[in-house]
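In what follows, a structure is listed as structure tokens, so that the remarks can point back to it.
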Amino acid sequence: MTTAHRRLIGYAVRRTAFALVLVLLVSSAALVLVDLAPGDVTAELFAAGLGPEAIARERHRLGLDRPLADQYVTWLGRAVRLDLGTSLRYQRPVRDLLGERIGNTALLGACALAVATLVGLPLGVVTGSRRGWLPRAVRAASLTALSVPPLISSLLLALLAARTGWFPVGGTGLAEAGPGALASAATVAWHLTLPTLALALPFAATIERLQSDATAAALAEPHIQAARARGVGDGRLVWRHALRPALRSVAAIYGIIIGTLFSGSFAVEIVTAWPGLGRLMYDALVSRDIYLVAGCAAAGSVFLAAGTLASDVALAALDPRLRQDAP
Amino acid sequence: MTRALGRLVVVLVVVAAAAAPWLAPHGSSDQFADYLNAPPMRLHLLDTGGRWHRPFVHPLRLVDRLESRYVEDDSRRVPVRWFAGGHLWSTDAPDAPLLLLGADRLGRDVFSRLLFGARASVGVALAGTLGALLIGVLVGGLAGYAGGLADELAMQAADFVLILPAVYVVLALRATMPLVLEPARIFVLIATILALVGWPMAARGVRAIIAAERRRDYAAAARSLGAGHLRVLVRHLLPAARGFLAVQATLLVPSFILAEATLSFVGLGFVEPTPSWGTMLYEAARNVRDLGAFPWLLSPAAAIVLVALAVQLATAGDTGSGLLWRAGPGRARNLQID
């Protein structure tokens, strides 16, 4: 094992440790915050006409009448064993709920990221290396798309879908899917179209703009001049010689994109009724389901930390300069 | 050219928000029972006989209650009144209100609500930005000036807030307060939450600038002339961060407008009947399938995009490098300011 490898691994280990601390802090904070909030999950029982004694009994059964520190220690002890408690509202283990939902969010996020990259990168290379009306039109389109956040893009696409009926608007469609794994996969993919496009749009624009700037900057470098002097063709110059240094600066944005993607996914999930983590967190907050909120916050920060970690390590692998002053 | 255009739009939006009661033909909660979900009215200049008039509208008549379909009643002309009754434009007839962007489910004028909504949406974003910059200047300025352990701690805290899942933090913070509050308190609450989430980028930038500036000769000169630490920091060093703060503000305002919209959209921000762009979108999207029939209800979405686009254009060049600067190598440690 070379020194460079060891450094890279050390870097990854340190980042993972930081991520774990983050997860612990965020989920604890969520638990405490929701406990501070007025009302709890038993509020609905009052509306359902139950008397104070019945509510007190229910609170006792759920352990909500114990002091916060006490509840927190119990939760922490379980969380270490990856048991995040039972959702007070759904009456199901939080871990199972999270497992279902985070998969949906990850699917949506991965699809959107893939679409954004596949559309944004090539367009960016073209606009960064050519002149004329086409690159200018792409640039204008992506400046506009940059100003359309996922909340708006999903509403606009929902409007389009409602008017044209091109694709379905809400849910996963699993309930009305035909039998067989293939049929349900096709239905889910069909229902995934709208949320994916809505989420991918602003990120495709971000990637296009960055790749465009980076390509233009890379093409101005002396080594490109040298290659051109050696007689390397234009296409090869742009797609081979300039691409690699240009990709590095775009790779750097992925860490940030994953965070924003995660936030954007929340809005898209709410509008298009995609059953992901965002919707679950929202439901948990509204019904004051403390263990579910803490679980969602934990899952959210794991998701985010894992994404940032992956992109940081990939970046460190791409760019040796980063490893030297790594924290 | 485009920069000037962008700035013009930004100024117009702020002026429109400030002058909402005068620019709006109707109050934000005036209801017109005969105009539920009515489409936008057209301003006419020519009557059916082909003669020219000052701008006028035809009243709308409901022809299909089930589909909320309206037709223009072109037998009647209702002229637009200018500068009357404290409004820029309005109509005389109570049965023919001026509905430039149509009406919502409750028969309220969408155009008027859009203007009043700008006060809540843009106002809360501006207040949040101001708060975020204030915290950023305070934390970043002190960290950059003091250096050492304080610097290390402050930047760790900034890093920590920076990598939190922002939406979840905002939601969780909002959820700790009672759901039902009066509008003024919601305004303060949202602005505070936005400031608490938005300060780290400002703090890092200010810290980097102050840390570099305090080693310069002019700072040493000020010190040796007997200026106190506070005076050196506030009068001599902080002005160097002005440009950076301006760019930071232009990045924060559109994202905070969107944050308000998202919060209100999920029912944790402003609530009906307070008009804000978020509550209007919430009303519009109650039934997604209805959107196809009443697209004018999405005008707040257009307004949000317009503001974001105008800010983009107004700062073209600044934010371009800003984006790269955010993404630069080792973004967690060594920020470079050019």
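The values are calculated or read from the model by the stated rules, or taken from the named source; none is laboratory data. As the structure is a prediction and not an experimental result, all values here were calculated from the model. Backbone-built Cβ (ideal geometry, glycine too); neighbour counts: all protein chains shown. Heavy atoms of the whole protein, side chains included, go into the accessibility calculation; ligands, DNA and RNA do not. Shrake-Rupley method; radii C 1.70, N 1.55, O 1.52, S 1.80 Å.
Can we say B:Arg207 is touching a residue at least 60 places away in the same chain (Cβ under 8 Å), of a type outside the set (Phe, Trp, Tyr) and open to solvent by less than 40 Å² (accessible area, probe 1.4 Å)? Give the steps one after another, and end with the answer.
Values: touching a residue at least 60 places away in the same chain (Cβ under 8 Å): yes; of a type outside the set (Phe, Trp, Tyr): yes; open to solvent by less than 40 Å² (accessible area, probe 1.4 Å): no.
Spelling it out, it is not the case that B:Arg207 is touching a residue at least 60 places away in the same chain (Cβ under 8 Å), of a type outside the set (Phe, Trp, Tyr) and open to solvent by less than 40 Å² (accessible area, probe 1.4 Å).
What about A:Val302, is it closer than 23 Å to A:Val13 by Cβ, modelled with pLDDT of 75 or more and either within 7 Å of another protein chain (Cβ to nearest Cβ) or buried (at least 18 other Cβ atoms within 10 Å of the Cβ) (or both)?
Judged against the criteria, A:Val302 is a match.
Which pairs have Cβ atoms under 7 Å, sit 6 or more apart or on different chains, and link a residue in segment A:145-170 that is more than 9 Å from chain B (Cβ to nearest Cβ) to one that is in a helix (DSSP H, G or I) and of a type in the set (S, T, N, Q)?
Short answer, once both residue conditions are applied: A:Ser154/A:Thr272; A:Phe167/A:Thr193.
Of the residues B:Arg119, B:Arg108, which single one is charged (D, E, K, R) and more than 20 Å from B:Asn37 (Cβ to Cβ)?
Of B:Arg119, B:Arg108, the one residue that is charged (D, E, K, R) and more than 20 Å from B:Asn37 (Cβ to Cβ) is B:Arg119.
Looking only at segment B:229-250, decide whether some residue is in contact (Cβ under 8 Å) with a residue 40 or more places away in the chain, surrounded by fewer than 21 Cβ atoms within 10 Å (Cβ to Cβ) and within 14 Å of chain A (Cβ to nearest Cβ).
yes
Acidic (Asp, Glu) and surrounded by 12 or more Cβ atoms within 10 Å (Cβ to Cβ) - does that describe any residue in segment B:57-68?
no
Can you report the number of residues in segment B:188-204 which are open to solvent by less than 60 Å² (accessible area, probe 1.4 Å) and among the β-branched types (Val, Ile, Thr)?
Initial filter on segment B:188-204 (open to solvent by less than 60 Å² (accessible area, probe 1.4 Å)): B:189-191, B:193-195, B:197-204.
With the extra rule that they be among the β-branched types (Val, Ile, Thr), the set shrinks to B:190, B:193, B:197.
So the answer is 3.
In segment B:153-167, which residues are assigned to a helix (DSSP H, G or I) and surrounded by 24 or more Cβ atoms within 10 Å (Cβ to Cβ)?
Listed by number, the list holds a single entry, B:Val167.
Out of B:Val180, B:Val206, B:Val188, B:Val170, which single residue is assigned to a helix (DSSP H, G or I) and within 11 Å of chain A (Cβ to nearest Cβ)? So that I can check it myself, show each step before the final result.
Working: B:Val180 fails: assigned to a helix (DSSP H, G or I); B:Val206 fails: within 11 Å of chain A (Cβ to nearest Cβ); B:Val188 fails: within 11 Å of chain A (Cβ to nearest Cβ).
Residue meeting the stated conditions: B:Val170.
For every residue, the table says whether it meets (1) out of contact with any strand residue (DSSP E or B) (no Cβ under 8 Å at 6 or more places or on another chain); (2) at pLDDT 85 or above; (3) under 15 Å from B:Ala33 (Cα atoms).
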{"position": "B:Leu62", "(1), (2), (3)": "no, no, yes"}
{"position": "B:Arg65", "(1), (2), (3)": "yes, no, yes"}
{"position": "B:Ser68", "(1), (2), (3)": "no, no, yes"}
{"position": "B:Glu72", "(1), (2), (3)": "no, no, no"}
{"position": "B:Arg76", "(1), (2), (3)": "yes, no, no"}
{"position": "B:Asp92", "(1), (2), (3)": "no, no, no"}
{"position": "B:Ala96", "(1), (2), (3)": "no, no, yes"}
{"position": "B:Leu101", "(1), (2), (3)": "no, yes, no"}
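Cβ-Cβ below 6 Å, separation at least six or inter-chain, first residue in segment A:213-231 and within 14 Å of chain B (Cβ to nearest Cβ), second of a type outside the set (A, V, I, L, M, F, W, C): which pairs?
These pairs meet every condition: A:Ala214/A:Ser249; A:Thr215/A:Gly128; A:Thr215/A:Ser129; A:Ala216/A:Gly128; A:Ala218/A:Pro245.
For segment B:172-187, what are the residues that are farther than 18 Å from B:Ile257 by Cα and either open to solvent by less than 40 Å² (accessible area, probe 1.4 Å) or among the hydrophobic types (A, V, I, L, M, F, W, C) (or both)?
B:Ala172, B:Ala175, B:Thr176, B:Met177, B:Leu179, B:Val180, B:Leu181
Among the residues of segment A:98-113, is any farther than 18 Å from A:Val268 by Cβ, within 14 Å of chain B (Cβ to nearest Cβ) and among the hydroxyl-bearing types (Ser, Thr, Tyr)?
Within segment A:98-113, not a single residue is farther than 18 Å from A:Val268 by Cβ, within 14 Å of chain B (Cβ to nearest Cβ) and among the hydroxyl-bearing types (Ser, Thr, Tyr).
Return the residues of segment A:96-140 that are of a type in the set (Lys, Arg) and surrounded by fewer than 16 Cβ atoms within 10 Å (Cβ to Cβ); say none if nothing qualifies.
Scanning segment A:96-140 gives A:Arg130, A:Arg131, A:Arg136.
Restricting attention to segment B:276-304, and to residues there that are closer than 17 Å to A:Ala273 by Cβ and open to solvent by 40 Å² or more (accessible area, probe 1.4 Å), which single residue is modelled with the lowest pLDDT?
Of everything passing the filter in segment B:276-304, B:Arg289 is modelled with the lowest pLDDT.
What residue, among those in segment B:230-246 that are closer than 24 Å to B:Thr315 by Cα and of a type in the set (A, V, I, L, M, F, W, C), is nearest to the chain's Cα centre (by Cα)?
The selected residue is B:Ala246.
Residue by residue through segment A:268-296, note down the ones that are open to solvent by 10 Å² or more (accessible area, probe 1.4 Å) and facing chain B (nearest Cβ under 9 Å).
Selection gives A:Ile270, A:Val271, A:Ala273, A:Tyr282, A:Val286, A:Arg288.
Which one of these does A:Ala140 not meet: (1) out of contact with any helix residue (DSSP H, G or I) (no Cβ under 9 Å at 6 or more places or on another chain); (2) away from chain B (no Cβ under 14 Å); (3) of a type in the set (Gly, Ala, Ser)?
Every condition holds for A:Ala140 apart from (2).
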